[in-house]
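Since the structure comes first, as structure tokens, the remarks are kept for the end.
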Amino acid sequence: MNALLWIFISALLVNNFVLSYFLGLCPFLGVSGRLETAFRLGLATLFVMLITALCSWLLNTYVLIHAPYLRIISFIVVIASTVQFIEMVIKRVSPGLFRALGIFLPLITTNCAILGLAIFATNKGYGLIEGLIYALGAGLGFTLALVLMAGLREETELAPVPRLLRGTALNLIIAGILSMAFMGFAGLFSAA
Amino acid sequence: MSTDSGLGLQSASRQGREPTSLRLILTLSLAGLLSGIIIVSVYEATLPTITAYQARMLREAVFQVLPRVTQSQRLVWRDGTLIAKDAEEKGEAAVFGGYDAGGNLVGYAIPSAGPGFQDTITLLYGYLPGSRKIVGMEVLDSRETPGLGDKIYKDAAFVGEFKDLAVDPEVRAVKRGTGSAANEVDAITGATISSKAVVRIINEGNARWLPRLDAGG
Amino acid sequence: MIALSTLFRRSFAHGVHPPDHKALTADLPTQRIPFVSHYVLPLNQHLGAPCKPVVETGQRVERGQLIGQPTAFVSTSLHSPVTGWVRDIGRRRGPDGDYRESIEIEADPFSTQRLAPSPRPDWRGMSVEALVEALPHSGIVGLGGAALPAQVKYSLRKGVRIRHLIANGAECEPYLTNDHRVMVERPETLLRGIEILQTLLGAEETIIGIEQNKPEAIATLRAHIRPDQRVRVVPLRVKYPQGDSKMMIRALLNREVPAGLHAADIGIIMNNVSTIAAIADWLEDGIPYIDRLVTVSGPGIARPANLIVPLGTPVREVLRFCGGLTEDTREVIMGGPMMGTPVASLDAPILKTSSGVLAFTAAETARPREYPCIRCGRCVEACPYFLNPSRLARLAKARMYDEMKRMNLSECVECGSCTYSCPSGIPIVQLIRTAKNNLRGRKRAVKT
Amino acid sequence: MPTSKPDAYQEFIKGLWRDNPVFAQVLGMCPMLAVTNSAVNALAMGGATFFVLVASSFLVSSLKRWIPKQVRISTYVIIIATFVTVIDYSLQALLPAIHKELGAFIPLIVVNCMILGRQESFASRHSIGLAVIDALGMAVGFLFALLALGSVREILGNGTWLGLDLFGPNFEPWVIMVLPPGGFLTLGLLLLLFSWLAERRQKLAERLAEMEVEGT
Amino acid sequence: MKRPDPKLLVQPAPLLKQPLTTSMAMRDVLIALAPATLAGVWMFGLGALLILLASIAGAVATEWVLLPDDERRAQLANGSAIVTGLLLGLTLPPALPLWMAFLGGVVSIGLGKIIWGGLGYNLFNPALVGRAFLLAAFPVAMTTWSAQTGPTGFFEVAASNLAAPFMHIDFDGVSSATPLNLMKFQHQSTALWDLMIGRTSGCIGETSGLLLILGGLFLAFRRDLDWRIPASILIAVAAFTSLLVLIDAERYPGPLFSVFSGSLLIGAFYMASDPVTSPLTPKGAWIFGTGVGLLVVLIRVFGGFPEGVMYAILLMNAATPLIDRYTQPRVFGKGLKSPRGGHE
């Protein structure tokens, strides 16, 4: 139980995918302009992460044990096709959800946070449950970082930010400060 | 932003007519085949070097934590006994037996991992079943704070604490200068959490392995 | 104990406490200013459509004679404040420096200036609809500042039953004491007007809300209310903007008028005490609205006063009557200091809405340098409508007007509490006004 | 993107500065920030990316006639993933110490938007020669950016450069620089520097143009 | 009418103005901090004073260099850079090298304020941005505490204070554990009265609990801060720690210790309540303060650091735009059932 809690907290806060591992920076900087979209992208990513955790566990357990050299290629192929498949299913089953998440799904394919999740979970040797908890923490952590960032960025739009800084430079510095703030979570529950 | 400019979703209308599905599948299969060939050949070419390197690193680590050892053997716990097993299997924990030149068992190198200050700390420590002592510790992997937490492997004094450490009743980390008992480790000033994490990871390793080693050794 | 009772007086939430400065004029009886030679009467002294002149240049007019008639439902009449001749009909500078179509009248210096009798309607047995028909002929507008033609409030939606009539005697703007003088000097007229309106509307009760810094008005009115009249005087906490109709209703009846609706929609009609007195003058004596009660005050005025001023009198003449401006005067305001407008020229005429003429010196007009908003939240705690002025101002500066609309920009009544309380000296109300104008302009552009 | 008369030199040079994938296009940041806590790691990551980009561009441009557009992205991904696997194993065999440092981030080259972007927008539309030159330019630009970032972080964060001790043993390192916040902050400030330089250059060019007009 | 009309001003309404300015608010903060500052200097000696001066100098110099010429005078005059520098200095350990304090001031203003567009637009507390930077950059120097010098050693400036820039610092013999360190790593409590009057080691300005409360009450009285924020922080900390004490009184620190130890009071009264970086709405203020309080206890008790006030405030700063957004009070007259189908 404690181990699972730590896996969750670690992925959510201590080793936040974006702020500590720099994963998923493209969407983090690209789609954090508006709070609504940021939140939706976060949820879509969380969803795909959970599916990816499942798939990568299946791959690890049944395929890659025999052919470890196919790791990278099989992960990326599985992620891409999963995203495509999910897209089709959502479109068929829930058009409302599709309208909400649809445009983000293709973006998620090239989100390194997803591939990173699969690779890290493999490297850490997580089982199915641990992998799912890890994905849950990572996805929620990604959403948290994205939503916080979006809130801050919407605010900076009203500010007389120096012209040369406006855009990615400022966003990176904001991310840096956020990342400093998240350092406060270091060691959280590790001694529990 | 970046993906737009990067992926450039503009349609490239080079092909005149629609290719058949068969052709699409064929193309992808060919690509897969090609990539498979490349990957497998590189894998085959590099595998011996990689395995050799990994084995050497592991051996060196074992030698590091166990003195007077010249060879080691991977051991797994199965059906109440320790058996020698070189092939790794998923989900199966192992220790390394260290033997001297005469083939006599000197001690065990026990790997253990657990949460540290920042991320998981993986370490290996040497244990002598005869005297119930830890005789060496090496951190294999960690992301502790540079300059502070990383003293768990950079600070010779701290690493030295594990050169002669009793495991009974349980290893304890105490403030520097106050520890005198055989089972006490002086924590690093300013990196108490990391020091305590190391001790806890060792205790966890002990809890998992010592009963087995004492029983099946 | 007064302080303690103040604390528990009924009021609305939020608001500000500017010093009231009413002692300068509160006890000065009203005086009639002598007639002057020229009067300028803009045709739109009220909200809605300007009235249409019914006189020609050169024509002789009597005091009280109709010179402009309403052109729409939201419009009202204009009567000559003097006996004399129409000199010109053309564009003249209004108080805020804009040019308005106006009738200029030269007073007949030898006239006795007797009021020409107007045909007055008989209010007894009148229906509310008939009242709405009659009021445009009086020229009366809401004298609390809105300048909405008086009949508009009384055109009730179908099925609405009025339970309460509220007489607004709050007079929450600092310096102004003209409503106060009406209540002190003409309680019978006011109560008569209340009786008439209460009867016509079939209202159960009338409440006169008065800020408790006017104890004389409270006492006088209480003394004059007959036991058979269902009228109460309720003292209110001294707080700006207590006179805002929705805040007044909140304070008196603890009811919230839903956004986008009017008081009448929830069965309440509220009029300023001066308006009610003017309605009584019209219905009882046939006096149209030609004289305005003006408080002349402020540190720049030699002799502050409460004056009865014929409409159209130039501010210069009003000031001259009060001994002129002091040397250090920097600003002359028409209306109250919170919502009034500074005049660009002393030639500006007194309008139906000119409740005050205030002269401010450098001490009052000095503005600290504007600093960026530090989100201290004083404006948020000041806004009686629970808006977020800090954010609205920030959005206005970034020209994000649509976002402002989402933040309920339209609910702002521009009372000025936020700007008053802002330590960074940000002209929040002005920014809000700009945004409203911009949105309005855009809507118009879409329509055409 | 395709110019009417592509000039090989121009194609190469643009990736270095004007269209620098990191500083100008802000692409491929995920692997970049994570591994640039030292110049050596930055070089290794840059080198790996260099190999993957150039090799993929070569292959894609030479195969472009046979790749149907419906499956082109999938094919590119397969090609890129193949080369990433190749470099992953090669590094593991040849430079095991560095591979241990870069660890999980080598596979992430697959999703470096910059690489896929070059295939889609350039390599698939140009001749082999141009594609390779473009890839070389971009890869060198990427390497340069990584090195710049890694150098700043290593020098301040560790007092060394490429492992060489710069300030002697008494240097007090700025640990934050090798931690995640340092990556964000350094890249942000480098971007600021880049846009400042770019603006200054543009102003200079405008001034020169004005002077020329006056001169004629 | 001999005298010409005066030149009339035409300003937009309202034409009255509350006599209150931003620089007055900043002056209030300086006044409120004065007792604790003096106490800190008295207890930790001349070195502490030098640190305060260095961090203020860093802040003011950065503002001077980075502001455009026409803004300088006005921005410096409002005193916000001095407040930032002083607040930063008060949260630094007394043995810190002066150059680090100066660097902290530079970062506070540079990354904490200027890049956001200057005063009023920064989304994180500038002093804490500077401090977080220093703590991440120089973890050892920032967590080495010296004992109080007392009046006799007032003029003895520690060698570490005067360390050369960029050079390694020798902290031999200056180490002394703070109450929070003692609690976290050795489960030792400190006498409450010592905590209240500041007879402990710690950051320069954080030790004198009672003086900090005094200044905080002054600010609350002057309405320079939203009393809800410090109130909710203290309530949350006290409530959370009481709960923990109920679970295991041996293991967890009690509420009074938690409130008076570390930088909780200076953080609650002077940093979390910084209006620029905290929510505007009353409900938001409660949420913000409660969040800070919970995070402080979470980090102190379950996290890796003995002290979490700085991180807690920075994290809640990051959440402030979101809090503000979802706690807008109901606008007057909105959201009511409109009788008889209103015409909205």
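The values are calculated or read from the model by the stated rules, or taken from the named source; none is laboratory data. These figures come from a predicted structure and were not determined experimentally. Counting neighbours? That spans all protein chains shown, and the Cβs are built from the backbone with ideal geometry, glycine included. Quick note on the areas: whole protein, heavy atoms, side chains included, nothing else; ligands and nucleic acids left out. Shrake-Rupley method; radii C 1.70, N 1.55, O 1.52, S 1.80 Å.
Values as computed for the structure displayed
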| read-out | value |
| --- | --- |
| Net charge of neighbours whose Cβ lies under 13 Å from the Cβ of D:GLY188, counting Lys and Arg as +1 and Asp and Glu as -1 | +2 |
| If the convex hull is drawn through the Cα atoms of chain B, its volume per residue in Å³ | 193 Å³ |
| For A:22-35, mean number of other protein chain Cβ atoms within 10 Å | 5 |
| D_trans [Stokes-Einstein, Kirkwood Rh over alpha-carbon pairs] for chain A, 37 °C, 0.692 mPa s, µm² s⁻¹ | 190 µm²/s |
| B:GLY107 long-range amide H proximity, modeled H, under 5 Å | B:GLY98 |
| Positive dipole terminus of region C:378-447, leading residue within C:MET404, C:ILE428, C:PHE386 (C-beta point charges) | C:MET404 |
| Directionally averaged projected area (convex hull, Cα atoms, region C:1-116), nm² | 11.8 nm² |
| Shielding by partners, peptide B:132-142 (average Cβ within 10 angstrom, other chains) | 0 |
| 1.4 Å probe, heavy atoms, protein only - residues of region E:111-128 losing at least 30 Å² accessible area vs chain alone | E:LEU111, E:ILE115, E:TRP116, E:GLY117, E:LEU119, E:GLY120, E:TYR121, E:LEU123, E:PHE124 |
| Share of carbon and sulfur in the accessible heavy-atom surface of region B:93-172 [1.4 Å probe, %] | 52 percent |
| Tilt relative to chain E, helix E:228-247 - C-alpha long axis, 0 to 90 degrees, to 10 | 40 degrees |
| Crossing angle, helix E:209-221 versus chain E [Cα axis fit, 0-90 degrees, rounded to tens] | 0 degrees |
| Total accessible surface hidden between D and A, rounded to 100 Å², 1.4 Å probe | 3000 Å² |
| nm² value of the averaged projected area, convex hull over the Cα atoms of region E:1-79 | 9.6 nm² |
| Buried accessible area, chains E and C (both chains, 1.4 Å probe, Å² to nearest 100) | 5800 Å² |
| For region B:171-210, convex hull volume per residue from C-alpha positions, Å³ | 44 Å³ |
| Translational diffusion of region B:148-217, µm² s⁻¹ [Kirkwood Rh, Cα pairs; Stokes-Einstein; 37 °C; 0.692 mPa s] | 262 µm²/s |
| Sequence-separation-based contact order of region B:50-216, relative, with Cα cut under 8 Å and 6+ spacing, percent | 18 percent |
| Chain B - accessible surface per residue (Å², probe 1.4 Å) | 50 Å² |
| Cα-derived Rg over Rh, computed across region D:1-115 with Rh taken as Kirkwood radius | 0.99 |
| GluC sites (Glu not before Pro), loop per DSSP, at most 13 other Cβ atoms within 10 Å - longest free stretch of chain C | C:57-203 |
| 20 °C / 1.002 mPa s Stokes-Einstein diffusion coefficient of region D:8-215, Kirkwood radius on C-alpha pairs, µm²/s | 117 µm²/s |
| Overall Cα dimensions of chain E, principal axis frame, Å, largest first | 81, 58, 32 |
| Where chain D is the region considered: accessible area per residue in Å², 1.4 Å probe | 40 Å² |
| Base-10 log of normalised Debye intensity for region C:179-270 (one unit scatterer per alpha-carbon) at q = 0.11, 0.12, 0.15 Å⁻¹ | -0.32, -0.38, -0.60 |
| Per residue Cα convex hull volume in Å³ - calculated over region E:29-135 | 84 Å³ |
| Contact order relative to length of region C:378-447, as percent, for alpha carbon pairs under 8 angstrom and 6 or more apart | 35 percent |
| A/E buried area, accessible surface, summed, 1.4 Å probe, Å² | 2500 Å² |
| Quotient of Cα Rg and 2.2 N^0.38 Å for chain C, N being how many residues it contains | 0.96 |
| Choice from D:ASP165, D:ASP19, D:ASP134 showing the highest fluctuation, given a GNM over chain D with Cα pairs closer than 10 Å | D:ASP165 |
| Convex hull projection area averaged over all views, region D:113-154, Cα basis, nm² | 2.9 nm² |
| Surrounding net charge for A:LYS124, when Lys and Arg each add one and Asp and Glu each subtract one, Cβ distance under 12 Å | -3 |
| Residues losing 30 Å² or more accessible surface upon assembly, region B:77-109, compared with the chain by itself, 1.4 Å | B:LYS90 |
| Isolated Cys in chain C, by beta carbon distance under 4.7 Å | C:CYS51, C:CYS172, C:CYS322, C:CYS373, C:CYS376, C:CYS383, C:CYS412, C:CYS415, C:CYS422 |
| Overall dimensions of region C:378-447 as given by Cα atoms, namely Rg and Dmax in Å | 11.7, 40 |
| Under 12 Å, Cβ to Cβ, from E:TYR121 - net charge with Lys/Arg +1 and Asp/Glu -1 | +2 |
| Trypsin sites (Lys or Arg not before Pro) within region A:100-192, DSSP loop, no more than 13 other Cβ atoms inside 10 Å | A:ARG163 |
| Computed Kirkwood radius, in angstrom, where 1/r is averaged over Cα pairs of region D:55-106 | 12.3 Å |
| The protein assembly as shown, Rg to Rh (Cα coordinates; Rh as Kirkwood inverse mean 1/r) | 1.07 |
| Long-range Cα-Cα pairs in region C:293-350 (distance over 15 Å), rounded percent | 43 percent |
| 10 Å-binned pair-distance histogram of region D:72-182 (Cα, whole percent) | 12, 31, 32, 18, 6, 1 |
| Per residue accessible area of region A:36-144, 1.4 Å probe, in Å² | 42 Å² |
| Fluctuation leader among C:VAL332, C:VAL257, C:VAL357 - chain C, Gaussian network, Cα springs under 10 angstrom | C:VAL257 |
| Whole-number percent relative contact order across chain E, with pairs defined as alpha carbons under 8 Å at least 6 apart | 17 percent |
